[in-house]
Amino acid sequence: MKRIKLLVIGFPLFMTLGTAVPLTSVAKAAVTEATPVSRAEQVIHITAKKFEYSPSEIILKKGVPVVLELTSLDRVHGFRLVEFGIRADIKPGEVTRVRLAPQHTGRFTFACDVFCGVDHEEMAAEIVVVD
């Protein structure tokens, strides 16, 4: 079982292809690809396909833990939520789970970071965190 965990505290460095990118501390997050969801967790299903995510806006409550269940309808896509320090692959036929508990209110854009065609740059959606 492949499991990736990421805990963001302070100003960690995320290494990507030898380049350090600073991240801000906004949430505790974990990306898991095969871990079951507990009955107490709120689950939000997100689908990815050329060149969109559905839903395109997700409203979360500050401090409330959630699991985003990501699936692809056509090909490999990426999920990158910079402000939360989260990065994951979304593969067709698989569910990728991203756990987070947002600690700050605001609008946060997530985007595909795996080139998927001519309109790849337009493939983005938002998480809105409210009190």
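The values are calculated or read from the model by the stated rules, or taken from the named source; none is laboratory data. Bear in mind the structure is a predicted one, so any value in this text is a computation, not a measurement. Here the Cβ positions follow ideal geometry from the backbone for every residue, glycine too, while neighbour counts run over all protein chains shown.
Being modelled with pLDDT of 95 or more, assigned to a strand (DSSP E or B) and exposed (fewer than 13 other Cβ atoms within 10 Å of the Cβ) is true for just one of Ile46, Ile59. Which residue is that?
Unique residue meeting the criteria: Ile59.
Among the candidates Glu126, Glu121, Glu69, Glu83, which residue alone is out of contact with any Cys (no Cβ under 7 Å at 6 or more places or on another chain), closer than 23 Å to Gln42 by Cβ and not in a strand (DSSP E or B)?
Glu83
Could you check segment 86-99 and list, in sequence order, the residues that are free of Cβ contacts under 8 Å to residues at least 40 places away in the same chain and either small (Gly, Ala, Ser) or part of a loop (DSSP other than H, G, I, E, B) (or both)?
If the condition is that a residue be free of Cβ contacts under 8 Å to residues at least 40 places away in the same chain and either small (Gly, Ala, Ser) or part of a loop (DSSP other than H, G, I, E, B) (or both), then Lys91, Gly93 are the ones that fit.
Filter segment 107-116 down to the residues that are within 13 Å of Phe84 (Cβ to Cβ) and not hydrophobic (A, V, I, L, M, F, W, C), then identify the one that is surrounded by the most Cβ atoms within 10 Å (Cβ to Cβ).
Thr109
Out of all the residues in segment 100-116, which are of a type in the set (S, T, N, Q) and either modelled with pLDDT under 95 or assigned to a loop (DSSP other than H, G, I, E, B) (or both)?
The answer is Gln103, Thr105.
Which of the residues belonging to segment 73-92 are closer than 15 Å to Phe51 by Cα and among the small types (Gly, Ala, Ser)?
Gly78
Give all pairs with beta carbons closer than 6 Å in which a residue from segment 39-61 that is under 17 Å from Cys112 (Cβ atoms) meets a residue that is of a type in the set (Gly, Ala, Ser) and outside any loop (DSSP other than H, G, I, E, B); count only pairs at least 6 apart in sequence or on separate chains.
Here the result reads Thr47/Ser54; Ala48/Ser72; Tyr53/Ala125; Ser56/Ala125, each pair linking segment 39-61 to a residue that is of a type in the set (Gly, Ala, Ser) and outside any loop (DSSP other than H, G, I, E, B).
So Leu70 passes all but one of these: (1) farther than 16 Å from Val128 by Cα; (2) at pLDDT below 95; (3) among the hydrophobic types (A, V, I, L, M, F, W, C). Which condition number does it fail?
That leaves (2) as the condition not met.
Which residue out of Val98, Val128, Val114 is of a type in the set (Val, Ile, Thr) and touching a Gly at 6+ places or on another chain (Cβ under 6 Å)?
Exactly one residue qualifies, and that residue is Val114.
Output the number of residues of segment 117-130 satisfying the condition of being out of contact with any helix residue (DSSP H, G or I) (no Cβ under 9 Å at 6 or more places or on another chain) and either modelled with pLDDT of 95 or more or buried (at least 20 other Cβ atoms within 10 Å of the Cβ) (or both).
Residues flagged as out of contact with any helix residue (DSSP H, G or I) (no Cβ under 9 Å at 6 or more places or on another chain) and either modelled with pLDDT of 95 or more or buried (at least 20 other Cβ atoms within 10 Å of the Cβ) (or both) within segment 117-130 amount to 7.
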